[in-house]
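**Q** Quick one: the structure is below, and I'll ask about it shortly.
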Amino acid sequence: MYSILIVSDDGSVNNLFKKSLNGDYVIHYAKTPDDALQILFNKDIDITFLDVLLNNEGATKLLEKFRQISIDPTVVLVIPESQPMLSEDALRIGAYELLEKPLTNDAIQHASRRALEKQSLKKELGFIQSHMKNLQPVNKDMGLSEPVVHRRPGAGEMHLKYKEVFQKFSKVLARVQDLGRLADLTVESISEIFGVGKVIFMLVYKKEGLSRPYRYMGFDEGVANKVCFNNNQSIMLWLAKKHQILTKEVIEKEVAGNTLGIREAINIQREINLLQAHLCIPVLAYGSLSSVITLGNKITGKAFFDDDIELLSMLAGYIGMAVENAFLYREANLRKIQNENILENIPCGVIAINGNGKINAFNKNAARMLDVSSHDILGKDVKHVGSLFTDILLRTLKDKKTYEMSDVIHPVTHAVYTVSTSLLEAGGELGAIMIFSDVSEIRKLQSSLSAVGELENKLKSLENRTASSGITADLGNMLITQAD
């Protein structure tokens with residue numbers, strides 16, 4: 001079970017966190033920064049929710065204190081929606097994200113899940129980095145540790161250990177579905193593992209035909225915002241065709257071998273200089289260039305050797321697979337949002353169930369017609385929508401047949417519905433969906449119109465009979481007159 005620290009002197013804030021998270025987490029409370037530090041020293045805390053209005057600059061000072069004493073909790077700032085400026089300094093010195101007031105249960109739970117994922121990734125990355133340091137052998141003559149990547153090829157056992165580390169790192173990447181967080185993690189990890197001061201994660205925008213810095217470290221923000229390369233020219237075209245790591249030395253070799261023109265080489269070199277890069281690493285997704293990672297020089301001033309290039313190539317493969325997953329997740333998420341928008345705008349009620357009879361779709365019109373909140377019914381057994389609709393949906397699922405019915409009368413409300421059902425298949429699982437409309441008012445109107453029609457017919461019939469009687473009387477009078 002995870003542990004959470006709530007740092008706030010506002011009782012209503014503490015109560016809401018207790019209500020939202022109690023039972024799923026061990027929750028600790030602190031009213032002052034000193035109390036918070038005492039708990040953090042003595043407890044293993046996974047997330048710290050920090051009320052930015054604790055006392056003037058209390059939140060910012062507490063974050064500063066964390067850095068001074070090397071405490072590295074995952075911090076979520078709780079800020080008033082109307083005062084976002086309060087959080088800027090705190091974000092710059094280490095807060096993970098913001099949680100705006102007024103707080104809601106859903107927002108608290110969502111922020112907790114995201115922060116726990118961040119904390120988990122930080123721990124796994126820390127393990128990997130620690131493992132990397134342990135692989136650096138000690139130089140017996142100097143008494144200093146020397147990075148193993150500076151050793152010449154031939155250390156087969158060491159290479160296998162590096163491979164194992166990067167396989168573990170790939171598992172961390174595979175868990176990240178958001179492209180932005182994936183890019184952040186990539187930039188951070190490459191900077192720390194390889195000891196470089198500048199790293200850029202460039203994203204290829206295929207529809208626009210351009211590539212721009214997406215995430216970066218140690219690179220001027222003003223310059224990054226202006227960098228924009230054409231995908232069909234110079235460095236991006238070379239990487240898309242060659243699928244190999246690009247360095248200045250590679251360019252020189254290609255020019256010397258007459259496989260690259262001098263003018264094109266100058267353009268590529270100009271773009272490398274603009275990125276302040278020593279290495280440009282292509283990342284492939286679906287077999288084509290999806291992004292590029294550029295590395296500046298090592299902070300130590302040492303060179304990149306063959307082992308570095310091989311390890312970076314391996315990491316690029318892992319990142320490429322993670323980028324594919326992120327693209328798929330983003331596409332699926334967009335499709336889900338589109339489907340939800342369509343579902344919510346359908347002028348009919350929609351109820352869908354999975355193979356276990358649990359409700360997984362219940363739109364606002366269904367909620368309005370049945371007077372039930374979507375939040376109260378999603379994920380629950382279909383019986384919660386009432387016996388009438390439960391019977392129809394379960395019959396659809398069991399018999400694997402579709403139904404179309406008109407004038408279905410609700411046994412309690414006596415509302416009149418038209419109903420149609422269909423089978424659904426998602427992820428290999430069979431479910432059922434119902435679309436229904438409340439036609440009670442229409443039927444009342446039709447009944448009224450029918451009654452009016454009947455009355456009109458009776459009046460016409462009566463008029464006809466009256467007219468006939470008159471005609472008969474007139475004819476009789478005419479005949480009597482003629483006889484006289």
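**Q** Let me confirm something: among 301, 257, 261, which residue is more than 20 Å from residue 213 (Cβ to Cβ) and either open to solvent by 50 Å² or more (accessible area, probe 1.4 Å) or of a type in the set (Phe, Trp, Tyr) (or both)?
**A** 301
**Q** Do you know which residues across region 210-251 are among the acidic types (Asp, Glu) and within 23 Å of residue 304 (Cα to Cα)?
**A** 249, the sole residue that qualifies.
**Q** Take region 217-241 and flag every residue that is surrounded by 13 or more Cβ atoms within 10 Å (Cβ to Cβ) and part of a helix (DSSP H, G or I).
**A** If the condition is that a residue be surrounded by 13 or more Cβ atoms within 10 Å (Cβ to Cβ) and part of a helix (DSSP H, G or I), then 223, 224, 234, 235, 236, 237, 238, 239, 240 are the ones that fit.
**Q** As an exercise: evaluate residue 402 against (1) of a type in the set (Val, Ile, Thr); (2) closer than 17 Å to residue 430 by Cα; (3) outside any loop (DSSP other than H, G, I, E, B) and give the number of the one condition it does not meet.
**A** (3)
**Q** Right, something else. Of everything in region 280-308 that's of a type in the set (Phe, Trp, Tyr) and at negative phi, which residue is modelled with the lowest pLDDT?
**A** The selected residue is 305.
**Q** Can you give me the number of residues within region 297-356 that are within 19 Å of residue 191 (Cβ to Cβ) and polar (S, T, N, Q)?
**A** Qualifying residue count, region 297-356: 3.
**Q** Let me ask another. Checking the condition small (Gly, Ala, Ser), surrounded by fewer than 16 Cβ atoms within 10 Å (Cβ to Cβ), farther than 30 Å from residue 227 by Cα and touching a strand residue (DSSP E or B) at 6+ places or on another chain (Cβ under 7 Å), which residue from 349, 355 passes?
**A** 355
**Q** Between a residue in region 207-227 that is at positive phi and any residue that is buried (at least 16 other Cβ atoms within 10 Å of the Cβ) and assigned to a loop (DSSP other than H, G, I, E, B), which pairs come within a Cβ distance under 7 Å, given they are 6 or more apart or on different chains?
**A** Close Cβ pairs satisfying both conditions: 209/231; 218/198; 218/296.
**Q** Taking region 87-117 on its own, how many of its residues are modelled with pLDDT under 75 and open to solvent by 60 Å² or more (accessible area, probe 1.4 Å)?
**A** Residues flagged as modelled with pLDDT under 75 and open to solvent by 60 Å² or more (accessible area, probe 1.4 Å) within region 87-117 amount to 4.
**Q** Enumerate the pairs (first residue in region 311-339 and open to solvent by less than 90 Å² (accessible area, probe 1.4 Å); second residue anywhere and among the basic types (Lys, Arg) and modelled with pLDDT of 80 or more) with beta-carbon separation below 9 Å, excluding pairs fewer than 6 apart on the same chain, so at least 6 apart or on different chains.
**A** What qualifies is 326/181.
**Q** Let me ask you something else. Scanning region 361-372 for residues that are open to solvent by less than 50 Å² (accessible area, probe 1.4 Å) and without any contact (Cβ under 8 Å) to a residue 60 or more places away in the chain, which turns out nearest to residue 351 (Cα to Cα)?
**A** Among residues in region 361-372 that are open to solvent by less than 50 Å² (accessible area, probe 1.4 Å) and without any contact (Cβ under 8 Å) to a residue 60 or more places away in the chain, the one nearest to residue 351 (Cα to Cα) is 362.
The values are calculated or read from the model by the stated rules, or taken from the named source; none is laboratory data. Keep in mind that what you see is a predicted model, and the values were worked out from it rather than measured. Neighbour counts run over all protein chains shown; Cβ positions are idealised from the backbone, glycine included. SASA here: full protein model, heavy atoms, side chains in, ligands and nucleic acids out. Shrake-Rupley method; radii C 1.70, N 1.55, O 1.52, S 1.80 Å.
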